Amino acid sequence: MQYTTLAKRTSAVRCGLAIILLTLLLGIALPSNARVLKRGMRGNDVASLQVLLLDLGYKVVVDGVFGPKTESLVKAIQQSMGLRVDGLVGQQTITVLNQLRQGVVRYTVQSGDNLTRLAQLYDTTVSNIIKYNDLANPDSIRPGQVLHIPTTSLAVLSRFFANQPKFLWPVQGRMSSGYGYRIHPVTKVRHFHGGIDIAVPQGTQVRASAAGRVVRAGAMGNYGLGVVIDHGGGYTTWYGHNSQILVRVGDVVQQGQAIALSGRTGLATGPHLDFRIKIGDQTIDPLELLF
Ligand SMILES: [Zn+2]
C-alpha cells in the first residue's frame with residue numbers, strides 16, 4: 001500500500017519533471033527566436049547573427065538590421081557550404097554557421113574522394129572525421145554524402161573561403177545606380193535593382209570580371225544586348241545594355257578580356273553598363289565581391 005503510493009508519487013513527479021523539461025525545450029526551440037531571418041528584419045536575433053558573422057572574420061556592423069551586406073555574406077557562405085542559396089537564415093544555416101565558428105566545414109563527397117585525401121586537404125586526421133560523423137564504415141563514403149570535417153587550422157578555413165572567385169571591375173566609371181530598391185529611371189516604378197549601373201561612354205570595352213565560360217550572349221529584353229559568364233561554383237556575372245557583343249556562347253574567357261562594347265540597348269536612359277553577380281539564381285551586391 002505504502003509502496004504503491006510512493007511509486008505513484010514518484011511517477012507523478014517524474015511526469016511533472018518531464019512536462020517541465022518538455023516545456024523548456026519547446027520554449028527554447030519554438031517561438032520568437034526560431035523565426036527565419038531575412039532581409040529587412042531587425043531585432044536581437046539579427047544582431048546575434050551579425051555577431052556570429054563577425055566571429056567568422058567578416059566585416060559587418062552589428063546593428064540588428066538585416067540589410068544587403070548581411071544578406072550578401074549569408075548567400076556567399078551558403079554557396080561555399082553547399083546550402084541552398086536563398087539568403088534566408090533558418091535553423092540549417094544557423095547550425096552551419098555555428099559549426100563553422102567551431103572550425104567545422106561542411107563538405108559534400110565527390111566521386112573519387114577518400115578520407116585520407118580529405119584529411120590532408122583539411123589538415124585533420126582520418127579518425128577525427130570518422131569520430132565527428134559517426135561513420136560505421138569509413139571505406140564506404142559515397143558521392144553526394146555530406147560530411148562535417150573538423151579542422152584545427154584557421155589557414156584551412158580561410159583557404160576554404162578563398163575558393164570564391166575574385167571579381168574585377170568590368171569597366172572604370174562612376175556608379176550611377178547601386179544595388180537594391182530604387183525608383184526605375186525609365187518606368188518611375190519602385191523596384192529591386194539586382195545590379196550596379198556604371199556610367200561609361202558609348203563603345204567602352206567591357207571586360208570579363210573573372211575567368212569563365214560564356215553561357216549567354218545576345219538580346220536579353222530590357223537588359224539589351226547582354227553577356228553572361230559562368231565562373232563555376234554557382235557564380236555568374238551579367239553585363240547588360242551593350243552596343244556590341246564580342247564573344248559567343250561556349251567561349252572560354254580570361255579575366256580582363258574584352259567581351260562587349262558598352263551602349264544603351266534595352267531599357268536605358270543613357271550609355272551605361274548594368275553589371276550583376278549572381279550565386280545560383282540569387283543576385284548579390286557586386287560591391288561586396290568587387291575589388
Ligand atoms: Zn541597371
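The values are calculated or read from the model by the stated rules, or taken from the named source; none is laboratory data. Computed from a prediction, not measured in an experiment: that's the story for all the values here. Cβ atoms come from the backbone with ideal geometry, glycine included; neighbour counts cover every protein chain shown.
What pairs can you find where one residue is in the range 119-136 and on the phi < 0 side of the Ramachandran plot, the other is in a helix (DSSP H, G or I) and surrounded by fewer than 16 Cβ atoms within 10 Å (Cβ to Cβ), and their Cβ atoms are less than 8 Å apart, with a gap of 6+ or different chains?
126/116; 126/138; 129/138; 130/138
When you scan the range 79-104, how many residues do you find that are assigned to a helix (DSSP H, G or I), closer than 21 Å to residue 289 by Cβ and modelled with pLDDT of 85 or more?
Final tally of qualifying residues: 1.
Hey, can you tell me all the residues within the range 105-117 that are in a helix (DSSP H, G or I) and under 19 Å from the mean Cα position of the chain (by Cα)?
none
In the range 115-144, how many residues are at pLDDT 85 or above and loosely packed, with under 15 Cβ neighbours inside 10 Å?
Total meeting the criteria: 10.
Report, by residue number, each residue of the range 238-291 that is among the aliphatic types (A, V, I, L, M), part of a strand (DSSP E or B) and either within 16 Å of the ligand (Cβ to nearest atom) or outside the structural domain of residue 213 (by TED's automatic domain parsing) (or both). Spell out how you get there, then give the answer.
Let us first name the residues in the range 238-291 that are among the aliphatic types (A, V, I, L, M), namely 245-247, 249, 252-253, 258-261, 267-268, 273, 277, 279, 284, 287, 289-290.
Imposing the further condition that a residue be part of a strand (DSSP E or B) reduces the set to 245, 252-253, 258-261, 273, 277, 279, 284, 290.
Those that are among the aliphatic types (A, V, I, L, M), part of a strand (DSSP E or B) and either within 16 Å of the ligand (Cβ to nearest atom) or outside the structural domain of residue 213 (by TED's automatic domain parsing) (or both): 260, 273, 277, 284, 290.
Which one is farthest from the ligand (Cβ to nearest atom), of the residues in the range 186-214 that are exposed (fewer than 15 other Cβ atoms within 10 Å of the Cβ) and assigned to a loop (DSSP other than H, G, I, E, B)?
So the residue we want is 203.
Scan the range 215-234 residue by residue and report those that are crowded, with 17+ Cβ neighbours inside 10 Å, of a type outside the set (Gly, Ala, Ser) and not in a strand (DSSP E or B).
220, 223
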